[in-house]
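The structure appears below as structure tokens.
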Amino acid sequence: MVGKNQMRLKRVVLVCASAFLFALIASVAMVAQDAKTVLMNTAKAMGAENLKTISISGTGSHAVSIGQNKNPDVTWPVARIKTYTRQMDLDAGRSYVQLVQLQNGADETLNEYISPDSPWNSQYSFWLTPFGFLKGALANNATVSSAKIAGVPYTLVTFAVQNKYKVAGYINEKNLVDRIQTWVDNDVLGDMLSEVWFNEYKDFDGVKFPSLIVEKQAGLTVLTLGVSGVKTNGPVNVTPASATGATSPTNVVQSESVQTDKVADGVYYLEGSTHHSVAVEVSDHIVLIEAPMNGPRSPAIIAEIKKLTPNKPIRFVVHTPHHFDHPG
């Protein structure tokens, strides 16, 4: 009897395990299908099903110095954008942005080319566009879930670029991309939230596109763009004229030098680069005044202090203004 009961129990366990495994596989397949369905419905609603290229134009304002605000509670300094154009080749993952801003009473032209091998802190802006997001989500095994912002329900679609960089998009009840988020490197904030909000969709040249775009970083506005023109599936220029097929090196680490000037007993002025520091020696440690810029400046400063005072650790760092170039 005991043997028969054990056999029955094993059968029950096997049946339950098989049922659970089947349900799990079906659930995973359903989620994947749901993500594709959501994205295809959104692409259809926005007129992006056969979209290859897009060019947009507009005016607005943007931040000229991230991290250089007058105090930590106000937005970054901004300049007026007189003209803004963005051209995108969606299949190639390339774009070109040109804007003319009014800076210090004069026109200043800024250009940026983005390609799939651009550094993430440049490339991310391609994916924070409505159609760049849709292309990326369809190509990168997106997942889908539900989310709410301020009580408003959204379909949340998430994918990873290069299996590394997370991009999340919020699709509203009209099947329009409402908001996209990702994170970029910042010397002070670390993983800094970058998000774009899309408002007041209109019909442009056969597609639905936002007429007002607001981009924020670390919760502060870096771009406000009023879109006045959109052209689709026309010729675009997204490759620099000097490009020959070779890619220039990115993220090259330049060596840093530190020159020391002993200004008093236990007080060292550390020069080099564009920002300087002061090391103050006390009984059993070092107080460092200013730790500016970013790597590799900080390791160079640390190495110099270890040479000067090998047995005293840096215990305190004092930086004067809050600007990002000082505590970087």
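The values are calculated or read from the model by the stated rules, or taken from the named source; none is laboratory data. Note that this is a predicted model, so its numbers are computed, not measured. All Cβ positions, glycine included, derive from the backbone under ideal geometry; neighbour counts span all protein chains shown. SASA here: full protein model, heavy atoms, side chains in, ligands and nucleic acids out. Shrake-Rupley method; radii C 1.70, N 1.55, O 1.52, S 1.80 Å.
For beta carbons closer than 9 Å, sequence separation of 6+ or different chains, a first residue in the stretch 37-65 that is free of Cβ contacts under 8 Å to residues at least 60 places away in the same chain and a second that is surrounded by fewer than 15 Cβ atoms within 10 Å (Cβ to Cβ) and of a type in the set (S, T, N, Q), the qualifying pairs are Val64/Gln103.
Residues of the stretch 92-112 that are surrounded by fewer than 16 Cβ atoms within 10 Å (Cβ to Cβ) and either in contact with a Cys (Cβ under 7 Å, 6 or more places away or on another chain) or among the charged types (D, E, K, R) (or both): Asp107, Glu108, Glu112.
When every residue of the stretch 81-103 is checked against the conditions, none turns out to be among the β-branched types (Val, Ile, Thr) and free of Cβ contacts under 8 Å to residues at least 12 places away in the same chain. Taken over the stretch 113-164, the criterion of being of a type in the set (Gly, Ala, Ser), over 20 Å from Val214 (Cα atoms) and open to solvent by 60 Å² or more (accessible area, probe 1.4 Å) is satisfied by Ala139, Ser146. For the stretch 135-171, filtered to residues that are of a type in the set (S, T, N, Q) and part of a loop (DSSP other than H, G, I, E, B), the residue that is nearest to Val38 (Cα to Cα) is Asn141.
Total residues in the stretch 85-116 satisfying the condition of being under 25 Å from Met293 (Cα atoms) and assigned to a loop (DSSP other than H, G, I, E, B): the figure is 1. Across the stretch 279-314, the qualifying residues are those that are more than 21 Å from Leu189 (Cα to Cα) and basic (Lys, Arg), and the one among them that is least open to solvent (accessible area, probe 1.4 Å) is Lys312. Residues that are surrounded by fewer than 20 Cβ atoms within 10 Å (Cβ to Cβ) and either aliphatic (A, V, I, L, M) or farther than 19 Å from Phe209 by Cβ (or both) do occur in the stretch 171-179.
The set of residues from the stretch 263-278 being modelled with pLDDT under 90 and surrounded by 11 or more Cβ atoms within 10 Å (Cβ to Cβ) comprises Leu270, Glu271, Gly272, Ser273, His275, His276, Ser277. Would you pick out the residues in the stretch 172-192 that are of a type in the set (A, V, I, L, M, F, W, C) and at pLDDT 95 or above? Residues satisfying the conditions are Leu176, Val177, Ile180, Trp183. Please go through the stretch 52-84 and give me each residue that is among the β-branched types (Val, Ile, Thr), surrounded by 13 or more Cβ atoms within 10 Å (Cβ to Cβ) and not in a strand (DSSP E or B), ordered by number. Residues satisfying the conditions are Val64, Ile66, Thr75. The test for being within 29 Å of Lys202 (Cβ to Cβ), aliphatic (A, V, I, L, M), out of contact with any strand residue (DSSP E or B) (no Cβ under 8 Å at 6 or more places or on another chain) and free of Cβ contacts under 8 Å to residues at least 40 places away in the same chain does not hold for Ala106. Of all the residues that make up the stretch 180-197, how many are open to solvent by 40 Å² or more (accessible area, probe 1.4 Å), in contact (Cβ under 8 Å) with a residue 60 or more places away in the chain and touching a strand residue (DSSP E or B) at 6+ places or on another chain (Cβ under 9 Å)? Matching residues across the stretch 180-197 total 1.
The number of residues in the stretch 44-55 being of a type outside the set (S, T, N, Q) and either farther than 13 Å from Phe209 by Cβ or touching a Phe, Trp or Tyr at 6+ places or on another chain (Cβ under 7 Å) (or both) comes to 6.
Among the conditions (1) closer than 30 Å to Ala291 by Cα; (2) β-branched (Val, Ile, Thr); (3) in a strand (DSSP E or B), the only one that Ile180 does not satisfy is (1).
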